[in-house]
DNA sequence: CTAGTTTAGATTGGATACAACGTCAAACAC
DNA sequence: GTGTTTGACGTTGTATCCAATCTAAACTAG
């Protein structure tokens, strides 16, 4: 078993992302330490990390409080992801793919085709698509071979909703979610096509356009409001109004 | 006076950036705690933050070791800065400037003109230019009004050499440094011009080209090798060969 | 009844104590 | 002479302790 430190960090981050704490809520060390059956020390260590990740904030009076996220902040973070993934796609196009890289990416497209082939999507097919989507994005980032870029994307994705998978169309079972998945899947195909033809600028443009679907889905979830909290608990971290909501 | 936590963090980061620790060196808590006259607790907290910043690494056997940076990693980080600052410039151009914003940016240009006006640069004039440069870049980032972007740039700048000021031409007194400052200054002017005309794409392109000077200077410093360690102690953190240098 | 003050409790920031672990070195065996 | 094992030392990870501070409630005075 690993150290308390990493266990507490992972579990606490999980609790936060599950919406266990209300925005602005004071995060006392003792109750959390008890809840995760550890002492205060690993909890404080975890807080230091989570503060860097932007999930919690130092309170001026000491201690930490849960951060609130405005709609604009999430939207902005998605835009940043677009730019960074656009850079990744451009780099991959400029540097060129090896045969193995190309094969891996094509495998993703194939998995996507299979998940989307029926007229209706099962839950399993949806899960498969999400996994394929994550893999595809991760491959592009890895193939770009730029550690600072990888890091920047990783840190940006720590913000709730900013990650690629967080804002895939969630209502796939209702039918119109599948339409959007078809569109994002086609964008993946365009991206790979551009990359293989070394069209860096096109690859970048498609990658940037790609996140617009995520923005649209965020808007959708935001308007649905409380309904989407059921399937996306992290929605609770979204402040309904501008401001931090902490006082 | 502030907390030990923040004091130790700042001082320790300073020590690291001054090249006090060799790449791969084990960073023991007790000596550092004694050196900064605190207990191990704040040091440990600082390590957690510095690890997030990428300056130190967890050793598999426990504890932290000083990270080594390869030339490529720094170069890549500068490329990421170019993309992010390019995004900032584009956003500012697209959103437009208020009268106050415009005035502040023009003030920077004026200060730069003054610092560069003589045929030779004094140390003071150089210092003024550096300060103006930082301010100009920070203004653009602030005016973009995208918190995730601000954060991403900030985190990326924590890597040594990646920040805008870190790789300005350092040999300004020798004359050819001044030439390069004239060029970067002119790029600032072009950027503002593009922004005022709402030419987002041009503003972005200039901002991206702008960091090429930084890359060139890094190459320059790297080739000079030990000479540049005198004026840039952080050069010691650059691994002379690929790899982590930790074993 | 309200507002201000005081006091008691809880909580954080920091230091230290302790146990488990890893590392290094010396000594022994082959 | 070399390789291995064992033991001692140092370090980390974690828990707890203490003091300083903030919070909140209750009480008093106007």
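Here are some notes:
- Across peptide A:39-49, the average count of Cβ atoms from other chains found within 10 Å of a residue's Cβ is 3.
- Helix A:147-157 and the long axis of chain A differ in direction by around 60°, with both axes built from C-alpha atoms.
- Relative intensity, log₁₀ I(q)/I(0), of the range B:4-66 from a Debye sum that treats every alpha carbon as a point, q = 0.17, 0.27 Å⁻¹: -0.48, -1.33
- Distances between copies of residue B:25, taken at a point 7 Å out from Cα along the Cα→Cβ vector and listed shortest first: 4.4 nm.
- Using the Cα coordinates of the protein assembly as shown, the gyration tensor eigenvalues translate into equivalent-ellipsoid semi-axes of 37, 31, 24 Å, sorted from longest to shortest.
- Packing-based order for B:139-150, A:128-139, using average beta carbon neighbours within 10 Å, highest first: B:139-150, A:128-139
- Peptide A:68-75 has a mean shielding of 2, counted as Cβ atoms of other protein chains within 10 Å of each residue's Cβ.
- Extending 7 Å from the Cα toward the beta-carbon at both residue A:186 and residue A:61 defines two label points whose distance is 5.6 nm.
- Inter-copy label distances at residue A:186, shortest first and taken from points set 7 Å along Cα to Cβ: 4.6 nm.
- When only Cα pairs below 8 angstrom with a gap of at least 6 residues are kept, the range A:4-66 shows a relative contact order of 42 percent.
- Helix axis angle, A:71-95 relative to chain A longest principal axis, alpha carbon, degrees: 40 degrees
- Placing a label point 7 Å from Cα along the Cα-to-Cβ axis, residue A:198 is separated from the same position in the other copies by 3.8 nm, shortest listed first.
- Partner chain coverage, peptide A:145-156 - average Cβ within 10 angstrom: 6
- Cα centroid separation - the range B:89-126 against the range A:31-85, whole Å: 36 Å
- Helix-derived mean residue ellipticity, 222 nm - over the protein assembly as shown, DSSP H n ≥ 4, -39500 (n - 2.57), to 500: -22000 deg cm²/dmol
- Once the Cα gyration tensor of chain A is diagonalised, semi-axes √(5λ) in Å: 34, 21, 17
- Value of relative contact order over chain B, rounded to a whole percent, pairs C-alpha under 8 Å and six or more apart: 30 percent
Quick note: the coordinates plus some simple rules give every number you see, no bench work behind them. Bear in mind the structure is a predicted one, so any value in this text is a computation, not a measurement. Cβ sites come from the backbone with ideal geometry, for glycine too, and all protein chains shown count toward neighbours.
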